[in-house]
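Data block below; observations after.
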Amino acid sequence: MVIGDEQTYGGIGPLADRNVNTNNNLPSAGNGQAETPAPIPAVNPALIAQVFTVFQLADATSAGYGNIGDIVVNAVGERLNTAAWSGNDGTLTNQMFTSSTQSGSSGEYFLDVYREDPQVDSTQEPQFSIAYGHRFGSGSTTLEGQSVGKTFTGAIYGQMAALLEDKADTDNAFQINGSDAEDCIFISMYRNRMKERLDAGNWELHISGSPPAGGGNGKTLRLVDNKVNSASADLGDGPFSIVSGTIAGGPAGTVDAAEYGKVYPNYGVIVLDASLVSASAVISMSNRNLTYDGTGDSIAVTSKLNENVNKIYRAVSGSEYFAARATENIHSQTFFCRIPNYRYNYSSNPSFTTGSRGQLRHATMVGDPKVYITTVGLYDTDGTLNAVAKLSKPLLKSFDREALIRVRLEY
């Protein structure tokens with residue numbers, strides 16, 4: 001802690017009375033000359049051991065307390081849930097836009113989705129991204145110099161498989177519904193939207209297809225994971241199966257119903273089987289290889305926007321509904337810093353003392369010194385400062401006052 005402006009430490013042993021003025025040659029109130037006052041009575045060391053503790057950040061027992069009960073550790077942590085989207089909004093409804101700048105540079109791979117039009121407001125931040133991947137590289141443009149199958153969709157599929165499932169085997173495929181999914185839709189939340197992880201059981205995505213050729217309304221597929229309506233305790237790392245349903249109503253069928261994909265909460269990524277989604281939401285996905293120069297097996301294109309990625313974006317934005325919640329565990333340690341009346345009543349600050357012998361600058365302080373505590377420092381056993389806590393306002397300290405300062409570290 002800081003007495004005046006000098007950093008000191010409230011412990012015993014090697015850290016006791018760090019930087020505290022211990023010079024007893026104090027000036028008298030009468031003539032201003034230095035004289036030696038009566039010695040301070042000795043204090044029983046056993047009593048000191050009961051009052052003080054050396055505040056050690058790493059010295060907590062399995063029961064959650066320090067040596068004599070002055071350190072409390074919350075090892076489990078407190079779960080904090082927040083809305084996923086910017087503006088503390090939990091649901092995106094009719095608020096999905098793309099950026100021509102981003103799609104023009106990397107649209108072959110993915111599309112960023114914003115909640116406001118970035119062409120109008122350049123300060124807007126992306127909320128999530130949409131990508132399409134094919135195990136064998138179909139469904140994307142082919143640039144000059146690329147090998148067969150080594151296209152944008154092949155790169156996306158392989159990257160996601162390696163990231164999410166640590167795929168190092170020969171098949172390099174996502175297992176959905178018990179079989180290899182050849183092509184997948186990847187919806188990835190941005191890290192600043194999901195904090196520690198996506199809250200499993202508390203997200204809902206709608207995908208709407210185009211109306212059928214004979215007229216009528218297109219189908220809307222409502223997706224959740226199979227942990228929806230589960231207890232709010234930590235459900236584990238996943239992945240969890242994605243099924244048809246809603247947060248309010250739960251899964252549309254049983255929890256063992258056919259899955260549309262998997263969600264990876266720690267990565268904030270939703271992986272959908274593109275074929276199943278296409279069939280259920282009436283989206284016509286293309287497995288053609290599009291080329292820029294017209295020499296491939298399909299028509300030539302001049303845009304860098306991947307055809308399938310654009311279709312998925314239209315289906316997601318057309319549904320106008322994506323609800324999600326972020327979650328994180330806040331762990332903490334609480335330190336109770338005890339300051340009895342007979343400690344930390346002096347300072348070596350120049351405003352408090354004068355001369356080489358540390359005499360009190362102001363005669364009115366003799367016999368009744370007063371200082372103010374502004375900061376608490378937490379040290380380890382080697383005397384290394386590990387953390388600093390500032391008081392909301394200076395705390396008056398004198399021989400007539402004691403204090404108990406509670407310091408809480410959250411991480």
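Backbone geometry of the range 380-397 corresponds, through the Karplus equation with coefficients 6.51, -1.76 and 1.60 at θ = phi - 60°, to 3J(HN,Hα) couplings of 8, 5, 8, x, 8, 6, 9, 7, 10, 10, 9, 6, 5, 8, x, 9, 5, 10 Hz, x marking Gly and Pro.
Which of S356, S348, S179 comes first, and how do the rest follow, when ranked by fewest Cβ neighbours within 10 Å? Before the final figure, lay out each step's value.
On the way: S356 7, S348 17, S179 10.
By the 10 Å Cβ count, ascending, the order reads S356, S179, S348.
Can you tally the net charge around F97? Count Lys and Arg as +1, Asp and Glu as -1, for every other residue whose Cβ sits under 14 Å from the Cβ of F97. After counting each charged neighbour, the total is -4. Could you let me know the centre-to-centre spacing of the range 346-366 and the range 105-127, using Cα atoms, in angstrom? Cα centres, the range 346-366 to the range 105-127: 62 Å. Under the rule of at least 5 residues apart or a separate chain, name every residue whose amide H is placed under 5 Å from the amide H of K227. Correct list: G201.
What is the fewest-to-most order of E108, E116 by other Cβ atoms lying within 10 Å of their Cβ? Working shown, then result.
Values: E108 22, E116 16.
Ascending number of Cβ neighbours within 10 Å: E116, E108.
Please arrange C337, C184 by how many other C-beta atoms lie within 10 Å of their C-beta, fewest to most.
Working: C337 22, C184 27.
Fewest-to-most ranking of C337, C184: C337, C184.
No lab work stands behind these numbers, since they all come straight from the coordinates. Given the structure is predicted, the values throughout are model-derived calculations rather than measurements. FYI the Cβ positions are ideal-geometry reconstructions off the backbone, even for glycines, and counts take in every protein chain you see.
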